[in-house]
Each structure stands twice: as structure tokens, then as C-alpha cells.
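Rule-based calculations on the coordinates, nothing more; no lab input. In this text, all values refer to a predicted model and were calculated from it rather than measured experimentally. All Cβ positions, even for glycine, are placed from backbone atoms using ideal geometry, and neighbour counts span all protein chains on display.
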Amino acid sequence: MKHKLSIISLAALLILLAQIAAPAQEPVGYSCADCPSYKGEFSVENSTGVTLTYYVRWGNKSQWKEMRLENGHTMTHRYPLGYNRNTTVPTPYVRFDRIGGDGANFTEQIYKMEFYAVMYGGFGPATRNTTGPKRYVFRYAPNGRDLDLKSMR
């Protein structure tokens, strides 16, 4: 009985050693866990002297999202592009009241926005990402009532 137990133990040990010593049979392929990812970005700066309310949406079918932006502040809006900076994404829009100081009236202005692909992360040699968001600024006309949103570059 002792002899049988030793043979079984030896066989189990040999099988275990064979499994440990055998080369891994994992499939080797391409992984993008450390690849850079991109986001489509544009920023809106408020230099009007007052807090503004405006609305943003990406695409024609999404809901408008209300934004409040204090004077002197900038807000960046982002949409994920994934690993391909040229991915097609819904067009961003901004809506706001273009006439200030007229009470509860809302004179709608809608702009189709442009954005830049901004890179985040990535593994490998250091690459400088000098791209920032496409910049816009809210300003009143000299009359102090007509509000507009202009591209900075």
C-alpha cells in the first residue's frame, strides 16, 4: 500500500512539474492598454463681466445641458474619441441668449462648434502633446447688450 501511494505521489509530482515547465500557450496579440487615447475638446471662456448661462449638446439628438460660467472662468467640453483621433463623433453645439438685459426674453443663438483632438496618456517615448482644446470666448459688443461667442484660434 505504501508503494502504491509513493508511485501515485511521484506521478502527481511529475505532472505538476511538467505543467510548470511547459511554455505558456497564451495567444500573443496586439493590446492597446497603454496606447494614447483622444478626446474631442473645445473650451468656452467668459470675459463679459457677468455670470452666463448657456447650453451644450453633442449631436442633434442629445438633450441640451445647462452650463453656468462665472466671469473670468473657462469651461472645457469633451467627447471621447478613443484610440483614433479621426473618429467620427456627433457635432457639438452651443446655444445662448444673444441679447442681454432684456428681462425674461430669450433671443436664441446656436453655433455649431469645432473641436481639437487632444491626446491623453500612452506608453513609450515621451511625446509632447501641444494640442489643447479649440478655444472660444463670450464677449459683449460695445453696446453692452449683444452677446457673441468667437473663436480664439
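Amide hydrogen proximity for G100: with H placed 1.01 Å from N in the peptide plane, the residues at 5 or more positions away or on another chain lying under 5 Å are D146, L147.
The count of lysine pairs in the range 37-151 with alpha-carbon distances below 18 Å, taking only pairs 8 or more places apart or on different chains, stands at 7. Put simply, when 38-47, 70-79 are sorted by average Cβ atoms within 10 angstrom per residue, most first, you get 38-47, 70-79. Each label point was placed 7 Å from the Cα along the Cα-to-Cβ direction; for M152 and Y55 their separation is 2.6 nm. The tail of the calculated P(r) for the range 37-151 beyond 17 Å holds 58 percent of all Cα-Cα pairs.
Note down the net charge around R153, summing +1 for each Lys or Arg and -1 for each Asp or Glu among other residues with Cβ under 11 Å from its Cβ.
Computed value for this residue: +2.
For T107 and Q63, the difference between the fully extended length at 0.36 nm per residue and the C-alpha to C-alpha distance is 13.9 nm. Derived scalar couplings between HN and Hα for the range 139-147 equal 8, 8, 5, x, 6, x, 10, 7, 9 Hz in order, rounded to whole Hz, by the Karplus curve 6.51 cos²θ - 1.76 cosθ + 1.60 (θ = phi - 60°), x for Gly and Pro.
Determine the sum of side-chain charges near G72: Lys and Arg each +1, Asp and Glu each -1, restricted to other residues whose C-beta is under 14 angstrom from that of G72. It would help to have the intermediate numbers written out before the result.
On the way: positive: R68, R139; negative: E45, E70.
Its environment carries a net charge of 0.
Each residue of the range 67-81 was assigned a 3J(HN,Hα) from its phi angle through the Karplus curve 6.51 cos²θ - 1.76 cosθ + 1.60 (θ = phi - 60°); the sequence is 10, 10, 10, 6, 4, x, 9, 10, 10, 9, 10, 10, 9, x, 10 Hz, with glycine and proline shown as x. Extending 7 Å from Cα along the Cβ direction at N84 and again at R98 yields two label points whose distance is 3.6 nm.
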